[in-house]
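Every number here is computed from the coordinates shown, using simple stated rules; none is lab data. Model, not experiment: these values are computed from the prediction. No Cβ is skipped: glycine too gets one built from the backbone with ideal geometry, and neighbour counts run over all protein chains shown.
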Amino acid sequence: MPVYIRKNVNFTPPSLDRIPLEDEDDYITDPDQLKDPLPQPYRMIDKVLGQLVEEVWDIVESRENERLEEGRKVRPPRHENTKSLEYLRKCGCMTDSGDGLYMFIGHSKGIIVIDANTQEKVTLWEEDRVDLQYIRAHIIAPNVYLLVSIDDMGFSRLHAFSGDKLYLLKHLNEHQMPLSTRQSSRTSLQLIDKNNAVEIKPKIFLNFCHYPESRDIWLEIHKLPRESWVTELDNIKAKLQKKEEPKQEVKEVKEEESTETAEPVEGTDGEKSESQSQIQQSQSNEDTAGVKFSQPSLVFKLKQPPQVSGNLSSSVYSTCQKVDSGEVIGTGQNHVLSTTQIELRKEVFDHLHENLLEYAPKDDTVDNIQDVNFHFLNAGKMIPLGLENPANLTIPTTVAVWWKDSTHVMHYSLLKTPGKDETKPDMVWPFTAKITSSAVSDETSLMIIGLVDGNIVLWDRYLGIQRGVINISDNSCIDTLLFLDPSICPQEMTEYPPYSTRTTSYLLVLCRNGAMYAVLMGAGGTQAEPICLSPQIEESGEQFSKVETVRGLPDLILTVLQNGNVQIRDVLQGKVLCEMKVPDTHEIMSPWDPVVAIGNTGQTLYLRVIEREPTETDETTTDASTPQGTVLVYPLNTFNTLETFFNRKRDSIPLSVHTTVDKRVDALMKERIAMQAFRKDRMQERWNCFKEEIWTILQYKEQAARKAEEREVYEYQHVRVFDVKS
């Protein structure tokens, strides 16, 4: 087969697009490598080892830089504890009495009351299988305290402490959640001072025996017979005193006889003290065992609102009957859209944005139980129910409720008697984003709402105005909100009304990313930019697990980090003033949920710690039992860094000055009477001005008449008419 080959054909070079780029690995800087290149696979091994050395060197450099930065930091002073309470090894929660006299400790067998100054036991209440995880105390009368507690099984109890004795008042939910049928439960309580009300927040339980797939959640509000309890406690104390008088005389006689006849025995002081405490405990249990108290009454039960669904009405008439009139803002439950229309709108939306939905965050398929948050509120202009009665001006008349992942805050009146079927809100506050946190001031005149988009909204409930909306963070949601004492911030005194009105308040805002801000908000909105107390935290161990104000010291806040550091900070500067030093053999129990409290009006700090788990390198053999714990006591009033704050005195400043209409009218009338002489002078000046103005007007009038007389008059004898057609 003939083949035609062209002769004398030059080589055609490839195009520039096809020329391969130079490989950096093939570029040799050392001429000796031309003679001795490494063969495979040694060349690959050398490349991997070189890359590994570079990565290790980068890690060494980063650690060295971190070590240098850590060394440049100014560390706050660390203070050691002065006392260790060994008898509180199984402490699960603790709280202050409110007046700084006592500390109430919840442990694995009940409640222990200790003196806040001497840390000595006052009394205790014990019951088997009661491991308390939550406890709060409120003052309901002089030297009478109401305790609210929740154990690990979800049972809640009300106790009263009076006359160095604890009394069990009520089991709030022992009949509603039997132990044999309840597998999982979570209950939270909140009591409001200056009011006969207690909240259960929320009552959540899964009943797998009778209703395998049921999930019920609701909010109960009870009215407590506070006055009846105080009277009953006084009667009980009077009866106990009569019984103890003859016993005390017999006891003194026996002690005198025993001191004369008995010989001292060494090493028995501890046994005597323990036996005496056990005898006192048995006597107190016998005295308070058969006592019956008045029972609380249920105000109403609030269930979780259903999700927005389609209208199931069969006709247009019935649909229009269920639709809201639109006069007030509602929750959006009553509308005219059917289920088919809602599904069709969703399909159209998914079709139009199909290319973008794949980048949207996926919804959580786990059906989490909803949580509920609430606040008791006093009467205000927004819900005037109760303002006509002067007795209701200082007690809460409204409860504000918002559920997790909700965009509405619903207000319910406590003065109404709701129906049996449902309880409708008296007012609804809608927001553009999901609510993540909320807080109210002490007198409930101000309410702050934190949203998931990083905005906060401040409402003045009494005046019925919105003080302002401010963006705190663009990349994190609001996690915690706290109202600070108004005495630490400069107050803005308004010109009108005539009386001085303090319209400025400080807010402490904590974001989910760890950033902390102090915000100054006034009547006209924000008065200044947010003050950054702590920047965004990237390391997980530096995140805040607890932030709370210090009672009695408004300039300080207590912060606990997830790495176990307990700090006292300046609330306006964010500076760490001091840290609590824990012994090397111990560590903080559950730093993400620490057991810490400040008592004695800010002078003493109590911290629960446990022994460190032994490592493999320890030579000593240890038992496999759970590590023992203790409560460390830190005297804050002896710390040098906090001395200036203890010496600084601040007067209490209420956010609202006049809370009644009568006081407002009286203030206006006083100003009116005081301005009477000033008004007379103004009236005289005004009459003098009137004379000058009248004289000026007359001059203008005469001048206009004179000009009119001098003006020439033109008279027309004939008017010529033009023809348009011509």
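Across the range 587-604, computed HN-Hα scalar couplings (Karplus, 6.51 cos²θ - 1.76 cosθ + 1.60, θ = phi - 60°) run 8, 5, 6, 6, x, 6, 9, x, 9, 9, 7, 10, x, 6, 6, x, 9, 9 Hz from first to last residue, x flagging Gly and Pro.
Between their Cα atoms, which of Lys303/Lys381; Lys90/Lys165; Lys381/Lys546; Lys165/Lys242; Lys362/Lys404; Lys90/Lys404 are more than 25 Å away from each other? Spell out each step's value before the answer.
Working: Lys303/Lys381 27 Å; Lys90/Lys165 21 Å; Lys381/Lys546 35 Å; Lys165/Lys242 16 Å; Lys362/Lys404 18 Å; Lys90/Lys404 33 Å.
Going by Cα-Cα distance, Lys303/Lys381; Lys381/Lys546; Lys90/Lys404 fall outside the 25 Å limit.
Length gained on full extension, Leu356 to Asp152: 68.9 nm, using 0.36 nm per residue less the C-alpha separation.
Along the range 635-645 the Karplus relation, 6.51 cos²θ - 1.76 cosθ + 1.60 evaluated at θ = phi - 60°, assigns HN-Hα couplings of x, 5, 6, 9, 7, 5, 6, 9, 5, 5, 6 Hz to successive residues, with x for each Gly and Pro.
Order 578-588, 396-406 from most to least packed using the mean count of other Cβ atoms within 10 Å. Before the final figure, lay out each step's value.
Working: 578-588: 16.4, 396-406: 20.2.
The packing order, highest mean first, is 396-406, 578-588.
Placing a label point 7 Å from the Cα of Glu529 along the Cα-to-Cβ line, the residues of the range 447-483 whose backbone N sits under 16 Å from it are 470-474.
Quick check: convex hull of the Cα atoms in the range 42-111, volume per residue, rounded to a whole Å³? Could the numbers behind the result be given before it?
Details: hull volume 16.2 nm³, N = 70.
Looking at the range 42-111, the number lands at 231 Å³ per residue.
Modelled spin labels at Asp115 and Asp662, positioned 7 Å past Cα toward Cβ, are 4.5 nm from each other.
Sorting check: for 160-172, 48-60, which peptide has the highest mean count of neighbouring beta carbons within 10 Å, and how do the rest follow?
On the way: 160-172: 19.7, 48-60: 10.1.
In decreasing order of mean packing, 160-172, 48-60 become 160-172, 48-60.
Note on the range 130-171 and the range 437-470: Cα centroid distance 31 Å, given to the nearest whole angstrom.
Residues within the reach of a label modelled at Glu80 (point 7 angstrom out along Cα to beta-carbon, backbone nitrogen below 15 Å), restricted to the range 565-607, are 580-586. Too long at a 24 Å Cα-Cα cut-off: which of Lys434/Lys575; Lys237/Lys292; Lys346/Lys424? In this structure, Lys434/Lys575; Lys346/Lys424 lie more than 24 Å apart at Cα.
How high is the FRET efficiency between Ile217 and Lys242 when r is their beta carbon distance and R₀ equals 51 Å, given to the nearest 0.05? Working from the Cβ atoms, E equals 0.60. Extending 7 Å from the Cα toward the beta-carbon at both Val48 and Gln684 defines two label points whose distance is 10.6 nm.
3J(HN,Hα) along the range 224-237, derived from phi through the Karplus expression 6.51 cos²θ - 1.76 cosθ + 1.60 where θ = phi - 60°, amounts to 9, x, 5, 5, 5, 5, 4, 5, 5, 5, 5, 5, 5, 5 Hz, with x in place of Gly and Pro.
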